[in-house]
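A.B. asks: Sharing a structure here in structure tokens format.
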Amino acid sequence: MIKIDIHKNLSASDGPMNLRIKCEIKKGELVTLYGESGAGKTSTLRILAGLLKPDKGIITVENANWVNTKNRSYLSPQNRNIGYVFQDYALFPNMTVLQNLEFASKKGQNKKVITDLIEMMELGDLQHRKPQTLSGGQQQRVALARALVRKPNILLLDEPLAALDYKIRLKLQDYIARIHNEYGLTTLLVSHDIGEIIKLSDRVFVLEQGEIARKGIPNDIFSNKKVSGKFKFVGEVLKLEPQDVVVIVSVLIQNNVVKVIADKSEVQSLGIGDKVIVASKAFNPILYKIE
Amino acid sequence: MMNWDPLFITLKLAVVTTVILLIISIPLAYWLVNTKSRSKPFIETLISMPLVLPPTVLGFYFLVAFSPGNAFGNWINEWLGIKLVFSFGGLVLASIIYSLPFMVHPIQSGLSILPHSLTEASQVMGKSKWTTLFKVLLPNCKASLLTGIVLAFAHTVGEFGVVLMIGGSIPGKTKVASIAIYEEVEAMNYSAANFYATVLFSITFCILLMVYLINGGYLKRFWK
């Protein structure tokens, strides 16, 4: 169980911001921090990792005090044993993939962890290459593997898939889900991609201007109505075309554009760029194998 | 028969100065990159002063400070047994101060352009500042290190004013090649001056050419 209750004054790009985070994260949970840029998501991760000092507050992890500004106790990032995947991956350019993983290991740590991780993340063919010769998705896999070498209990992922294209993203989401379960991790993920959040996370914290505005399971957070659809997808509105009495709404679902006919009253609250759920319950979808 | 002594002294001075400078400059540059101290601009100014100050100014203050005629110079002379005026030790100390910006600046800029996340990633992996510096940061700014080493070396080879004032041109002890050239010209001994000048010219040309070849990646391409 992670308990966070901290304050921090930050100077964000649009003036000062007061970060006030209070939350609890259960052991083994995968929680996503969602919100606009500048809402304090990355800062929250950095405070938990010890890379940023809060002005005031307490962080306890499994009953151990990591931060307590009252009695000035502060555990250095070196001693927190956290896995952190940075937005830019932060792979060391002077080391090969294998050396990157070896550098992360503790003194006298069994090297089997590294061979296991290389196998699990399918890095065998890449292990003697330097990071700059790898593609974005490959670098990301190295970064994930490297974050796990020290067998952390907590994994922090700062928009890990933001820079990757759609197909590789899906694959890496599977990797994240797998390591989260196999290593029994408590994971904190920063993400903007609603599909990804629904797929991966147990709970979502929505951050607005430095505060957690809403908490809940992804489906509740991202849809106001309870839809018990037989199938449903999250998408983004691309176009609204009024035609006589109906409106044709083009929705981007992952990388497909879908047209949905809607009533004029239904689309009143919709604008281009809005996130929507496309759901249906009254018909039977048919499956064709294509690959 | 040419006297090789001034050239040997020049090389010895340059090597000793460069080694000591490298040892001093790495922590200094690291501190400058990471510090939030208010003293930073003052320290940076002091380090950069030799770039703009006439070497004679530095030499003059050096002479005044370390002359056995005053209390401080006398104290160093008697208690530590080090004579810094008109000695090789004094030359080294003056050269270190005089060439400091040429070593610190490249290392500082090399360290400052590395993404901060590299340091943070290493910290999160439980690594100390020193491990991070030597295993992660420095290996990723080798070009800057090489530039610093070479500039400091070449600059020391090319010193004139400071070594003349502090060293006093004692043959076989503090008479470096640049001073030897000056004296040979004064004595109308052009062939000797030409000899020293040619050697200095070739050495510095080769050293600088090496840097540009290595940092420009030409050698790697050639080997491949």
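A.B. asks: From the phi of every residue in region B:7-22, what ³J(HN,Hα) in whole Hz does the Karplus formula 6.51 cos²θ - 1.76 cosθ + 1.60 yield, where θ is phi - 60° and glycine or proline is x?
C.D. replies: Karplus-based 3J(HN,Hα) across region B:7-22 equals 5, 4, 5, 4, 5, 4, 4, 5, 5, 4, 4, 5, 4, 5, 4, 4 Hz.
A.B. asks: With the contact rule set at Cα under 8 Å and sequence spacing of 6 or more, what percent relative contact order holds for chain A?
C.D. replies: 19
A.B. asks: State to the nearest 20 debye the size of the charge dipole of the protein assembly as shown about its Cα centre, where the only charges are +1 on K and R beta carbons and -1 on D and E beta carbons.
C.D. replies: Taking the Cα centre of the protein assembly as shown as origin, the dipole is about 1520 debye.
A.B. asks: Among A:109-121, A:191-203, how do they line up from the highest to the lowest mean number of other beta-carbon atoms within 10 Å?
C.D. replies: Result, highest mean first: A:191-203, A:109-121.
A.B. asks: In addition: Give the long-range amide H neighbours of A:Leu30: residues separated by 5 or more places, or on another chain, with amide H under 5 Å away, using H modelled in the peptide plane at 1.01 Å from N.
C.D. replies: Residues meeting the criterion, in which the H sits 1.01 Å from N, are A:Thr187, A:Asp202, A:Arg203.
A.B. asks: Additional query: Would you mind putting B:27-33, A:60-66 in packing order, based on average other-beta-carbon counts within 10 Å, highest first?
C.D. replies: The packing order, highest mean first, is B:27-33, A:60-66.
A.B. asks: Quick check: the angle from helix B:55-66's long axis to the longest principal axis of chain B, C-alpha only, nearest 10 degrees?
C.D. replies: The angle comes out at about 80 degrees.
A.B. asks: Another question, if that's okay. For a quick check: with amide H placed at 1.01 Å from N, whose amide H comes under 5 Å from B:Lys127's, ignoring anything fewer than 5 positions away on the same chain?
C.D. replies: Amide H neighbours of B:Lys127: none.
A.B. asks: Which whole-Hz couplings ³J(HN,Hα) result when phi for each residue of region B:193-198 is put into the Karplus expression 6.51 cos²θ - 1.76 cosθ + 1.60, θ = phi - 60°, listed in order with x for Gly and Pro?
C.D. replies: So the J values, rounded to whole Hz, are 4, 4, 4, 4, 4, 4.
A.B. asks: Then there is this: Any idea what angle helix B:88-112 forms with the longest principal axis of chain B, computed on alpha-carbon atoms, 0 to 90 degrees, nearest 10?
C.D. replies: Here the helix axis deviates by roughly 30 degrees.
A.B. asks: Per residue of region A:183-194, in order, report the coupling 6.51 cos²θ - 1.76 cosθ + 1.60 (Karplus, θ = phi - 60°) as ³J(HN,Hα) in whole Hz, putting x for Gly and Pro.
C.D. replies: Ordered by residue, 3J(HN,Hα) equals 9, x, 8, 9, 10, 10, 10, 9, 8, 9, 8, 4 Hz.
A.B. asks: Continuing with the same structure: Can you grab the distance from the C-alpha centre of region B:147-224 to the C-alpha centre of region A:123-164, Å, no decimals?
C.D. replies: The two parts, judged by their Cα centres, are 48 Å apart.
A.B. asks: A further question follows. Set the Förster distance to 22 Å, then compute FRET efficiency between A:Asn18 and B:Thr35 from the Cβ-Cβ distance, nearest 0.05.
C.D. replies: FRET efficiency, A:Asn18 to B:Thr35: 0.20.
A.B. asks: Can you tell me the orientation of helix A:136-148 relative to chain A, as the angle in degrees between its alpha-carbon axis and the longest Cα principal axis, to the nearest 10?
C.D. replies: 50
A.B. asks: Could you work out, residue by residue across B:124-135, how many beta carbons of other chains sit within 10 Å of that residue's beta carbon, and then give the average as an integer?
C.D. replies: Taking all residues of B:124-135 together, the mean is 5.
A.B. asks: Let me ask something additional. Distance check, please: which entries in A:Lys8/A:Lys275; A:Lys215/B:Lys127; A:Lys26/A:Lys53; A:Lys3/B:Lys127; A:Lys56/B:Lys142 exceed 29 angstrom between their Cα atoms?
C.D. replies: A:Lys8/A:Lys275; A:Lys215/B:Lys127; A:Lys56/B:Lys142
A.B. asks: Given axes a ≥ b ≥ c from the Cα gyration tensor, I'd like to know whether chain B is rounded (a/c under 1.5), prolate (a/b larger than b/c) or oblate.
C.D. replies: oblate
A.B. asks: Starting from the Cα-Cα distance between A:Ser76 and A:Leu270, subtract it from 0.36 nm times their residue separation and give me the gain in nm to one decimal.
C.D. replies: 65.1 nm
A.B. asks: List the relative contact order of chain B as a percent without decimals, with contacts defined as Cα pairs under 8 Å and 6+ residues apart.
C.D. replies: Result for chain B is 28 percent.
A.B. asks: Which of A:Val206, A:Val249, A:Val260 moves most in a GNM of chain A, Cα contacts under 10 Å?
C.D. replies: A:Val260
A.B. asks: First check a/c for chain A, with a ≥ b ≥ c the square roots of the eigenvalues of its C-alpha gyration tensor; if it is under 1.5, answer rounded, and if not, answer prolate when a/b is larger than b/c or oblate otherwise.
C.D. replies: oblate
A.B. asks: At R0 = 41 Å, how high is the FRET efficiency between A:Phe283 and A:Lys151 if r is their beta carbon distance? Nearest 0.05 is fine.
C.D. replies: 0.25
None of the figures in this text is laboratory data; all of them are computed from the coordinates on show. Bear in mind the structure is a predicted one, so any value in this text is a computation, not a measurement. All Cβ positions, glycine included, derive from the backbone under ideal geometry; neighbour counts span all protein chains shown.
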